[in-house]
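Read the structure below first, then the notes.
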Amino acid sequence: MVKAKLLKNGRDKGTKGGLSQVKTEMQESAAFKSLNASSLRVLIYAIFLNYFEATRTTGQPVFKFTNNTARKILGMNQDTFTRAKKELAEKGFWKWARRGGLKGCNGIASEFVLSGDWKTWEADKKKQVRQT
């Protein structure tokens, strides 16, 4: 294993990457606990994309998340990614800033913004009764 040369501040010069922080409040929410594994993976990567865009803008960060990105980065097929996007929107984790792709018929990628609506999300009691 080759070690990267360290800079004076202790960081290595060649490492690229980022950090996705999921706050405790979010982790303890009913909406977060109810996410399926695919949606959770998409959410964590979306938090990273949002952070990256926030460093590049002064307004509300708007980020693109494409099927191609989900396939290459997360190893997720289009149907799974579509279900995850829908679940994240329904549970208040993000909103579409602009629809893209075939549904938008405008030939651009969908753009998203993170939302705090997950704080007030509650499970549908009818569905819970049927499952028990």
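Structural remarks
- The range 41-60, subset among the aliphatic types (A, V, I, L, M) and surrounded by 18 or more Cβ atoms within 10 Å (Cβ to Cβ), residue farthest from Lys86 (Cα to Cα): Leu49
- Helices (runs of 4 or more DSSP H) lying entirely in the range 61-123 (those with 1 or more residues that are on the phi < 0 side of the Ramachandran plot, buried (at least 18 other Cβ atoms within 10 Å of the Cβ) and under 13 Å from the mean Cα position of the chain (by Cα)): 67-74, 78-90
A short reminder: the numbers here are calculations on the coordinates, not readings from a lab. Note that the structure is predicted; figures quoted are calculated from it, not measured. All Cβ positions, glycine included, derive from the backbone under ideal geometry; neighbour counts span all protein chains shown.
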